[in-house]
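Undergrad: Before I ask anything, let me first share the structure, which is written out below as structure tokens.
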Amino acid sequence: MSLFKRFIEENSNTTAAKTVSEIPIVEKSQEFWVIEADLHNYLLEELKKYPVQNKQQENEKLEELAEEFFEQEGTRLTFEEKKDLLHYVKDELLAYGPITPLLENPVVSEVMVNSYNEVYYEKNGKVYRSNVNFIDNQHVMRVIERIVSPIGRRVDESSPMVDARLPDGSRVNAIIPPLALKGPSLTIRKFSETPFTIKDLTNFNTLDEKMAEFLEICVKSKLNIFISGGTGSGKTSTLNVLSSFIPNDERIVTIEDAAELKLEQEHIVALESRPPNIEGKGQITIRDLVRNALRMRPDRIVVGEVRGAEALDMLQAMNTGHDGSLSTGHANSPRDILSRLETMVLMAGYELPVKAIREQIANAINLIVHQSRMKDGTRKITHITEVLGLEGETIVLQDLFVFKETHHSIDGRIEGKFLSTGIRPKFTELLEINGFQLPASWFIGEW
């Protein structure tokens, strides 16, 4: 068996669900890299002579030029070896190098490059080590540059951290030396090309049908809803699903650090923040965009994530007639997100009394949807919680729906059920004014 054949066979199954200890780290042969480099350079030079209009033409031209190269230089290669070598080089030129197969695999939800020879991926909520490697740190840097350059972002020693996105909306974070000690690090959280629907979430057992229908009614009735949860708990996916309930005749302004939301309504204005330029100027923050959105006559404001001083402007908007606003934030529980919002409001630089801040929060937010990533990797909406108001200096909450964990199955999966607490929401009358009736069966006290 040739060195090429062994290399391809050992590296073909990049997304198999194996433990770290089961996956061999395969060193690529010197012969492979020699021919790969020659083919790579040849195609780069030849492509300059042929202007192409789109990706398909570029792909066809690459195959044509590669065939010419193999006729001259690849006489010792088999057909399969040529095919596999071309596939590798096309990933380098047209996609994202060695991690392309992971990004193209629909069951892989996240790709994590710790260093050039250490790549992990998430599949079904579990993290595994992959057997794909980059050549060196410069190889990783080239892929990072390829991702951030088209959207006007940059990463260098003066700006060693960057948030970006892929064309399909997948979220990208990169951090490079001197901050990353092991070399450039890249994290890509993939998003489905076809946005999830509420039916998908019920099929995933993220919530049950009565919770789904209740949330749809709340969005259509223009309640202000905040989605809380930890990192990787699925907040953005849930925000996208809830946003899909907004009627098509309403004007929606979305505000994000890196555009990820995929709404299918017609009347949408999508805004994205901008980092400072190389001179440290020109930064446009989420807070700037929230302020500007208020002048754009929005029916709905959807903020991808509140993480700083923009919380004050968001709460002010909710309190001044911009009902039906949606946003997300990091927190471990519905109660915790209220504490975080207090802290973020103080980050705006105003010395406001704590009671005044809590009044703003209690009057602005109607509903908190808390989502958790469980130990088995599944995501579940564990609380749908109503914000009742302020009593003294305490914001009063009441759970309407909860997820109760019962046991673990033989294969380690968490089993449980979604339950109503038996409490009808205080805003029931508002829902009825908007033409929605809440069935009594939803609020049978099982808790």
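The values are calculated or read from the model by the stated rules, or taken from the named source; none is laboratory data. In this text, all values refer to a predicted model and were calculated from it rather than measured experimentally. Note that each Cβ is placed from the backbone with ideal geometry, even for glycine, and that neighbours are counted across all protein chains shown.
Undergrad: Search the range 329-355 for residues that are exposed (fewer than 14 other Cβ atoms within 10 Å of the Cβ) and pair each with any residue that is part of a helix (DSSP H, G or I) and among the charged types (D, E, K, R) when their beta-carbon atoms are under 8 Å apart and the residues are at least 6 apart or on different chains.
TA: Filtered contacts from the range 329-355: Val354/Glu342.
Undergrad: Inspect all residues belonging to the range 308-327 and state whether any of them is under 28 Å from Thr382 (Cα atoms), hydroxyl-bearing (Ser, Thr, Tyr) and either buried (at least 19 other Cβ atoms within 10 Å of the Cβ) or assigned by TED's automatic domain parsing to the domain that holds Ile284 (or both).
TA: yes
The rows are residues; the columns are (1) hydroxyl-bearing (Ser, Thr, Tyr); (2) at pLDDT 70 or above; (3) surrounded by fewer than 17 Cβ atoms within 10 Å (Cβ to Cβ); (4) more than 30 Å from the chain's Cα centre (by Cα).
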| site | (1), (2), (3), (4) |
| --- | --- |
| Tyr42 | yes, yes, no, yes |
| Glu60 | no, yes, yes, yes |
| Glu67 | no, yes, yes, yes |
| Phe79 | no, no, yes, yes |
| Leu86 | no, yes, no, yes |
| Tyr96 | yes, yes, no, no |
| Pro106 | no, yes, yes, no |
| Val111 | no, yes, no, no |
| Glu122 | no, yes, no, no |
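Undergrad: Also: Can you confirm whether Arg146 is modelled with pLDDT under 90, in the same structural domain as Ile99 (by TED's automatic domain parsing), assigned to a loop (DSSP other than H, G, I, E, B) and surrounded by fewer than 16 Cβ atoms within 10 Å (Cβ to Cβ)? Break it down stepwise before answering.
TA: Details: modelled with pLDDT under 90: yes; in the same structural domain as Ile99 (by TED's automatic domain parsing): yes; assigned to a loop (DSSP other than H, G, I, E, B): no; surrounded by fewer than 16 Cβ atoms within 10 Å (Cβ to Cβ): yes.
Judged against the criteria, Arg146 is not a match.
Undergrad: Can you pull out every residue in the range 413-432 that is within 12 Å of Glu386 (Cβ to Cβ) and in contact with an Asp or Glu (Cβ under 8 Å, 6 or more places away or on another chain)?
TA: Residues satisfying the conditions are Thr421, Ile423, Pro425, Lys426, Phe427.
Undergrad: Kindly list the number of the only condition in (1) closer than 25 Å to Ser327 by Cα; (2) under 32 Å from the mean Cα position of the chain (by Cα); (3) outside any loop (DSSP other than H, G, I, E, B) that fails for Gly349.
TA: Evaluating Gly349 over (1) closer than 25 Å to Ser327 by Cα; (2) under 32 Å from the mean Cα position of the chain (by Cα); (3) outside any loop (DSSP other than H, G, I, E, B) leaves (3) as the failure.
Undergrad: Pull up the range 149-167, narrow it to residues that are under 18 Å from Leu181 (Cα atoms) and outside any strand (DSSP E or B), then point me to the one that is modelled with the highest pLDDT. Walk me through it before giving the result.
TA: So the first thing to find is which residues in the range 149-167 are under 18 Å from Leu181 (Cα atoms), and the list is 155-162.
When the remaining residues are screened for being outside any strand (DSSP E or B), the result is 155, 157-158, 160.
Numbers: Val155: 88, Glu157: 85, Ser158: 83, Pro160: 92.
The selected residue is Pro160.
Table: residues versus (1) among the acidic types (Asp, Glu); (2) without any contact (Cβ under 8 Å) to a residue 60 or more places away in the chain; (3) surrounded by fewer than 18 Cβ atoms within 10 Å (Cβ to Cβ); (4) more than 21 Å from Ile337 (Cβ to Cβ).
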residue: His383; (1), (2), (3), (4): no, yes, no, no
residue: Leu388; (1), (2), (3), (4): no, yes, yes, no
residue: Glu393; (1), (2), (3), (4): yes, yes, yes, no
residue: His408; (1), (2), (3), (4): no, yes, yes, yes
residue: Ile414; (1), (2), (3), (4): no, yes, yes, yes
residue: Phe418; (1), (2), (3), (4): no, no, no, no
residue: Pro425; (1), (2), (3), (4): no, yes, no, no
residue: Glu429; (1), (2), (3), (4): yes, yes, yes, yes
residue: Glu432; (1), (2), (3), (4): yes, yes, yes, yes
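Undergrad: Determine, yes or no, whether Asp156 is among the charged types (D, E, K, R), more than 23 Å from Ser273 (Cα to Cα) and surrounded by fewer than 16 Cβ atoms within 10 Å (Cβ to Cβ).
TA: Considered against the rule, which asks whether it is among the charged types (D, E, K, R), more than 23 Å from Ser273 (Cα to Cα) and surrounded by fewer than 16 Cβ atoms within 10 Å (Cβ to Cβ), Asp156 comes out as no.
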